[in-house]
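The values are calculated or read from the model by the stated rules, or taken from the named source; none is laboratory data. Bear in mind the structure is a predicted one, so any value in this text is a computation, not a measurement. Using ideal geometry, Cβ is built from the backbone for each residue, glycine included, and neighbour counts are taken over all protein chains shown.
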Amino acid sequence: MKKRYGLVTAIAMVIGNVIGSGVFVKGGKVLSLTGGNMVQAVNVSALVGLICIICSLVFAELSARSGKVNGVIDYAENALGPGYAYYAGWFMATIYYPAMVAILAFFSAVFTLRFFGVNAIDFAHGTVSTEAVGLAAGYIMIGCGMYAVASKGEGPKHDFFSEVDKQNGFVIKSSLAGIMLIGFWFAWTCLMWMKGPDFMGGLHNNMWVGWEPDEICVISLYAMYIPMFVSLMVKAKDLNFFKRFVMPVLGILCCIFMVVCCYIGKGYKQIIGYLVFFAIVMFIGKLMRGKMPKAA
């Protein structure tokens, strides 16, 4: 794909990626968990911000060694090879990004309806209005897709999903696959996590499957970062001591901290339930993995 982002678009993307949507969505949850203590809530936010800064600085070094367009997947490939990159990309394409977009679509719908005076969600009882579900279903059309995996000659039908439309330079086929995956996670969010219809209430109360998808996948995301940071320490012999060892070690400690916090916050039932699901998805990815194209 061509490098076609202008200055304004690039600035907007950086701001969006750095600030994220969590500051708008999770602020109320942090206050609730701290019992309304503003000082504690601010300290928690500051700590998470510090973790993000440290990990971002490590990724900056990984990015400088890549120069490609697929982000973390390219960093993983440079650090640990195509196999690790494939499974990292498969996880992001099938679990992480679709689950995040589904949650963003859901809360975007909630905020939009709130703007028009409609109370669309009751956190106390885990119920959602049909208006929020319908509007969010429209928002999931932003898509994401399988391009990052397919562009490396990996995954199911990689020639099909890596095709870039000649007319508009957009990966239409990959995005359609992304929309379907987002739809799956949107349904999971509404039916499993947010209770959904009465006949699904039992699943919502079952901690093995009633987990919040955008939060619990953090445990595999940050665990995935650790080998990449270790690889930087091993391979980056041209960097000074601080960049080669100090920052990656701090990044690893931050990743371990996030994994432990996720385990403590969610409990062993949710974690084990998610990891079983994760293992099944990774096994499917293994079955669908295509052969890497031979080097010219």
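Of the numbered criteria (1) hydroxyl-bearing (Ser, Thr, Tyr); (2) surrounded by fewer than 18 Cβ atoms within 10 Å (Cβ to Cβ); (3) touching a residue at least 12 places away in the same chain (Cβ under 8 Å), the one Tyr225 fails is (2).
Every residue, every condition in (1) surrounded by fewer than 14 Cβ atoms within 10 Å (Cβ to Cβ); (2) over 19 Å from the mean Cα position of the chain (by Cα), yes or no:
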| site | (1), (2) |
| --- | --- |
| Met233 | no, yes |
| Ala236 | no, yes |
| Lys243 | no, yes |
| Gly251 | no, no |
| Cys261 | no, no |
| Ile264 | yes, yes |
| Met282 | no, no |
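Screening the candidates Phe106, Phe123, Phe91 for the property of being modelled with pLDDT under 75, under 27 Å from Leu221 (Cα atoms) and hydrophobic (A, V, I, L, M, F, W, C) yields one hit, Phe123.
Candidates Phe184, Phe199: the one that is out of contact with any Lys or Arg (no Cβ under 6 Å at 6 or more places or on another chain) and modelled with pLDDT of 80 or more is Phe184. Regarding Gly67, is this residue part of a helix (DSSP H, G or I) and either at pLDDT below 85 or under 27 Å from Ile252 (Cβ atoms) (or both)? Answer is no for this residue. Looking at the stretch 144-167, is at least one residue at pLDDT below 75 and more than 18 Å from Asp214 (Cα to Cα)? Looking for residues that are at pLDDT below 75 and more than 18 Å from Asp214 (Cα to Cα), one finds none in the stretch 144-167, hence no.
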